[in-house]
Amino acid sequence: MGGWAIAVHGGAGVDPNLPQERQEEAKRLLSRCLEIGISALRSNLPAIDVVELVVRELETDPLFNSGRGSALTENGTVEMEASIMDGPKRRCGAVSGITRVKNPVSLARLVMEKSPHSYLAFSGAEEFAMKQGAEMVDNEYFITEENVGMLKLAKEANSILFDYRIPTIGTCGAGAAMESPLQMNGLPISVYAPETVGCVVVDKEGRCAAATSTGGLMNKMMGRIGDSPLIGSGTYACNLCGVSCTGEGEAIIRSTLAREVAAVMEYKGLNLHEAVDYVIKHRLDEGKAGLIAVSSTGEVACGFNTTGMFRGCATEDGFMEVGVW
Ligand code: ASP
């Protein structure tokens, strides 16, 4: 047994021109979340509790795209999604279309523990949340001024640099001559907001867990569901590893990215680092996504094929690192 390990992410797909100040702000938040996770692990909290705790913190801070600060739908509302998975018994819970639950990751955990199902969405998920006494807030609570501005830009013309997150030259405006560099399912898209959050943990008993939470993509269609709540795509944990992904959901879904890491460990006998490298190289379309992972033997790894990924990790032997590029 290699001791505990933890990794967090705040999204893949960072603009190379991201201002220094914003990079530092993101690193401070990731470090704070790692510290929260580390002290929980030192107090012997099981991995599943630690991932929930850390993702709740990220959801509550408006900096990244989850909980408060979530990306907005085409209608200017917030529809959040989250999932959580406990490795030892492969128990899991997921939610989508959440508009009023303060911490979607905790609702995912309630689905896992207090419902006979694995995945609840939209009104049914929120009725369940109310019955379970989950903390509810108005949809406005999640909406930040910054994101209202981004949505406005996204809806106006596409020949705009969409803030530091999104280097977009668009096509949709009448007469626009340039081609959008961003495509999804082969179609040009106007705006893409990364900064989904996730956490993976192996505790000192060797139990792995993973959780992911997001507002999805800025200007997304109402009802769009990404990879983050999909077990095996955005999130996966088993007796070998825990994985949380981020990036273009549509690409992650078609590569069942999180599960692939576990699959190549299981079927090809790769260690965690080899498994992460393998799936990033061979299963993922270029420039689309990234992931963080831990193994039950205490390894921690991350991989991405985007310009950057907000991330941090720490292990029991005192190693700690946060990075963007
Ligand atoms: N994967 C998320 C989604 O497509 C976005 C992200 O990771 O930033 O909803």
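Among the residues of the range 19-52, none is identified as crowded, with 19+ Cβ neighbours inside 10 Å and more than 23 Å from VAL105 (Cα to Cα). Among the residues making up the range 1-30, those that are touching a strand residue (DSSP E or B) at 6+ places or on another chain (Cβ under 7 Å) and not aliphatic (A, V, I, L, M) are GLY3, TRP4, HIS9, GLY10, GLY11, GLY13, ASP15, LYS27. For the structure I just gave you, tell me whether GLY287 is more than 19 Å from VAL51 (Cβ to Cβ), at pLDDT below 95 and either among the basic types (Lys, Arg) or buried (at least 18 other Cβ atoms within 10 Å of the Cβ) (or both). Spelling it out, it is not the case that GLY287 is more than 19 Å from VAL51 (Cβ to Cβ), at pLDDT below 95 and either among the basic types (Lys, Arg) or buried (at least 18 other Cβ atoms within 10 Å of the Cβ) (or both). Where helices (runs of 4 or more DSSP H) sit wholly within the range 208-325, those with at least 3 residues that are under 15 Å from GLY11 (Cβ atoms) occupy 249-254.
Checking each residue in the range 69-88 for being under 25 Å from ASP138 (Cβ atoms) and either surrounded by fewer than 21 Cβ atoms within 10 Å (Cβ to Cβ) or of a type in the set (Val, Ile, Thr) (or both) picks out THR73, GLU74, ASN75, GLY76, THR77, VAL78, ILE84.
The values are calculated or read from the model by the stated rules, or taken from the named source; none is laboratory data. Treat the numbers as computed from the prediction; the structure is a model and nothing was measured. Because the Cβ atoms are built from the backbone with ideal geometry, glycine has one as well, and the counts that use them run over all protein chains shown.
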